[in-house]
Amino acid sequence: MLDRSTIMGSRHLIVAGHYLAAQAGYEILQSGGNAIDAGVAAGMVLGVVQSERVNFGGVAPQVIYLAHRREIHCIDGVGGWPRAITPDFFEKNHDGVIPAGVLRSVMPAAPDAWLTALRCFGTMSFADVASASIRLAREGFPMYPLMANWIAGKASLFQRWAPTAKIYLPGGRPPAVGELFVQTDLGNTLQYLADVERANAHQGRDAALLAARDAFYKGDIATSIVKYHQEAGGLVQREDLESFSVRFEPTVRGKFKDIEVHSCGPWSQGPVVPMTLGILEHVDLASMGHNSVRYIHHVTEALKLAFADRHQHFGDPAFVDVPMTGLMSDGYSAYRRGLIDANRACPGMPFAGDPARCTALAHRWVPEPRPSDEEVSVTGDTSYLCCVDRHGNAFSATPSDGPSNSPVIPGTGMVCSGRGLQSWSDPTHPCSVAPGKRPRLTPNPAVAFKDGKLFMPFGTPGGDVQCQAMVQLFLNINVFKMDPQAAADAPRFVTFSFPNTHQPHDYFPSRLYLEGRIARAIGDQLERMGHEVRWWDDATSLAGGVCLITADPQSGLLAGGADSRRPTCALGW
């Protein structure tokens, strides 16, 4: 059994996907920095100590709450496709497949996301918040089991590109647990940005941070990215990088009883969380019992309905008219709730709905991915962190993008985001490829409020598992009244009865995975209801790695939960 204790704090608290990231953020909080300073520091460390699944040149969506202004902000942290792409590019040239390598590259958004958050809402310099990540990259850190196993399991993927193999297969082999893992080029990249900032400090904090940003997108790093893409047949050009900037986007706001949940918009899968909670709001889940047959069935069916709407409707709102207001309406939630058969699982993915009419759409997107009989391959190249500071500010971020499917840019130690693997090659799909268009991102940090006060930043890695783990975590806290650590560690179930976000968009109709701590008799009953049940280990990293902080509105105490399935860590004072 998992037996961590809930970590509490009266002043500030941080929870992150790795203990060294939590330590880096905690040190910033202790030195007087705010939640944004600490969050950026921790997020950048995740790009070092979990660089097999999080990368400085990747994505970093963020939801930020400023207590003194009572404002919530969302930085998308994801880049768009190069302007040289065409909507039919992959159908014409690659049989509808978005291949691994430089052709999956979109703009690297994480550097701008971190620097923009720091410049707009932080108090410290880039050099200060980057010091831990620079040190850990240059001096190294002890290799640990989760990272070692990931690299060993994907060694053949890392071998495809010499700059990647040089870092992740030192001496021609995967690094062993306990060996010091050094990333000199990445450390030098981060130090270069810090040096540029210092050289421009006389112009003021904002100008210095912007200079560091420009050093990435308009300076030597941009030159390295473009040179490699030209040599390797990529599409990224200098004007793509020079004109790029992250966007401030509105959050999608949902309600579950007296709790308001803010998610990222439909340029991500974020709205699946409040949509699912809206479907479940008026279902008496408590009386069903936690992880009972009825409970697992109802939550699974609600998730399937939300994922069907994700597949039909979600996409970059700059290119796609997403009916978000209708999808979030009480009337539409009630309509979708009424489609759940209490005794029988919907076979496969349900039909998406028409929120304007509260009816089913008469068609699905064609071609729909073919059903697969294989074992599900869960993509987990992501991490998560959240923190709350002494002022009540909150930071929630889900950085991502590892180097197993996109090559490291020589001399930089980082990739140029390969998030294009979450687009569709079909020009009729809402998540199709187009110049400047953002892929529909799986990473989706969230923040919840109760009675108008900050209540809970939360999130997780796990690809299409993310929203499912987040919904279950939320219900564990707010329906079954678990403490944060118990809620993070409770057994999970995951459906894959919808097309996977990642290439090749595998589809597993009615597939439902249960962790082994759920009774076999429950799985047997779910099978009889039409779910295709398969079993995971008692506690598997495939089920996510949730992190959360709850804020008690009466006492002001903070409590953190750090998922024992992964090397997550909570630190507070």
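The values are calculated or read from the model by the stated rules, or taken from the named source; none is laboratory data. As the structure is a computational prediction, the values presented were derived from the model and not from experiment. In this analysis, Cβ positions are derived from the backbone assuming ideal geometry, glycine residues included, and neighbour counts consider all displayed protein chains. Accessible surface areas use protein heavy atoms only, side chains included; no ligands, DNA or RNA. Shrake-Rupley method; radii C 1.70, N 1.55, O 1.52, S 1.80 Å.
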Within region 245-282, restricting to residues that are of a type in the set (A, V, I, L, M, F, W, C) and either modelled with pLDDT under 95 or not in a helix (DSSP H, G or I) (or both), the one that is nearest to the chain's Cα centre (by Cα) is Cys264
Could you check Leu235 against (1) assigned to a loop (DSSP other than H, G, I, E, B); (2) surrounded by 22 or more Cβ atoms within 10 Å (Cβ to Cβ) and say which number it fails? (2)
Within region 520-567, considering residues that are of a type in the set (S, T, N, Q) and touching a Leu at 6+ places or on another chain (Cβ under 9 Å), the one farthest from Phe508 (Cα to Cα): Thr550
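Results for (1) surrounded by fewer than 17 Cβ atoms within 10 Å (Cβ to Cβ); (2) among the β-branched types (Val, Ile, Thr); (3) over 26 Å from the mean Cα position of the chain (by Cα); (4) assigned to a helix (DSSP H, G or I), shown as yes or no for each residue.
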residue	(1), (2), (3), (4)
Ile167	no, yes, no, yes
Gly178	yes, no, yes, no
Leu190	no, no, no, yes
Ala212	no, no, no, yes
Ala215	no, no, yes, yes
Quick check on Gly411: is it modelled with pLDDT of 95 or more, under 29 Å from Ile134 (Cα atoms) and buried (at least 24 other Cβ atoms within 10 Å of the Cβ)? no
Requiring at least 1 residues that are open to solvent by 20 Å² or more (accessible area, probe 1.4 Å), the helices (runs of 4 or more DSSP H) wholly within region 1-104 are 19-30, 89-93
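Okay, residues lined up against (1) farther than 28 Å from Ala148 by Cα; (2) in contact (Cβ under 8 Å) with a residue 40 or more places away in the chain; (3) in contact with a helix residue (DSSP H, G or I) (Cβ under 6 Å, 6 or more places away or on another chain):
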| site | (1), (2), (3) |
| --- | --- |
| Leu20 | no, yes, yes |
| Leu29 | yes, yes, yes |
| Ala42 | no, yes, yes |
| Leu46 | no, yes, yes |
| Leu66 | yes, yes, no |
Within region 532-551, does at least one residue satisfy the condition of being of a type in the set (A, V, I, L, M, F, W, C), part of a loop (DSSP other than H, G, I, E, B) and closer than 30 Å to Asn393 by Cα? yes
I'm trying to understand the selection: among the residues of region 375-404, which are under 25 Å from the mean Cα position of the chain (by Cα), modelled with pLDDT of 90 or more and charged (D, E, K, R)? Asp389, Asp401
Name every residue in region 121-161 that is open to solvent by 20 Å² or more (accessible area, probe 1.4 Å), part of a helix (DSSP H, G or I) and within 18 Å of Gly25 (Cα to Cα), in order of residue number. Phe121, Asp128, Ser131, Arg135, Leu136
Against the conditions (1) modelled with pLDDT of 95 or more; (2) open to solvent by less than 40 Å² (accessible area, probe 1.4 Å); (3) within 27 Å of Gln525 (Cβ to Cβ), where does Ser372 fall short? Just the number, please. (1)
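Matching residues to (1) among the aromatic types (Phe, Trp, Tyr); (2) within 19 Å of Gly254 (Cα to Cα); (3) part of a helix (DSSP H, G or I):
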{"site": "Arg294", "(1), (2), (3)": "no, no, yes"}
{"site": "Leu303", "(1), (2), (3)": "no, yes, yes"}
{"site": "Phe307", "(1), (2), (3)": "yes, yes, yes"}
{"site": "Pro317", "(1), (2), (3)": "no, yes, no"}
{"site": "Gly326", "(1), (2), (3)": "no, yes, yes"}
{"site": "Arg344", "(1), (2), (3)": "no, no, no"}
Could you give every pair whose Cβ atoms fall below 9 Å, whose first residue belongs to region 246-269 and is on the phi > 0 side of the Ramachandran plot and open to solvent by 30 Å² or more (accessible area, probe 1.4 Å), and whose second residue is charged (D, E, K, R) and at pLDDT 95 or above, counting only separations of at least 6 or pairs across chains? Lys257/Glu281
With the checklist (1) closer than 25 Å to Val54 by Cα; (2) surrounded by fewer than 18 Cβ atoms within 10 Å (Cβ to Cβ); (3) modelled with pLDDT of 95 or more; (4) not acidic (Asp, Glu) in hand, flag the one item Pro504 doesn't pass. (3)
Taking region 512-534 and keeping only residues that are touching a His at 6+ places or on another chain (Cβ under 8 Å) and not hydrophobic (A, V, I, L, M, F, W, C), one is left with His531
The residue that is surrounded by the most Cβ atoms within 10 Å (Cβ to Cβ), considering only those in region 552-568 that are in contact with a Lys or Arg (Cβ under 8 Å, 6 or more places away or on another chain) and in a loop (DSSP other than H, G, I, E, B), is Ser564
So, of the residues in region 512-531 that are in a loop (DSSP other than H, G, I, E, B) and under 29 Å from the mean Cα position of the chain (by Cα), which turns out to be farthest from His290 (Cα to Cα)? His531
Whether any residue in region 442-453 is closer than 22 Å to Pro553 by Cβ, modelled with pLDDT under 95 and assigned to a loop (DSSP other than H, G, I, E, B) is what I want to check. yes
Give the residue, chosen from Gly523, Gly544, that is at pLDDT 95 or above, open to solvent by less than 10 Å² (accessible area, probe 1.4 Å) and farther than 27 Å from Val261 by Cα. Gly523
Take Thr501 and tell me if it is of a type in the set (S, T, N, Q), over 15 Å from Val273 (Cα atoms) and touching a Lys or Arg at 6+ places or on another chain (Cβ under 8 Å). yes
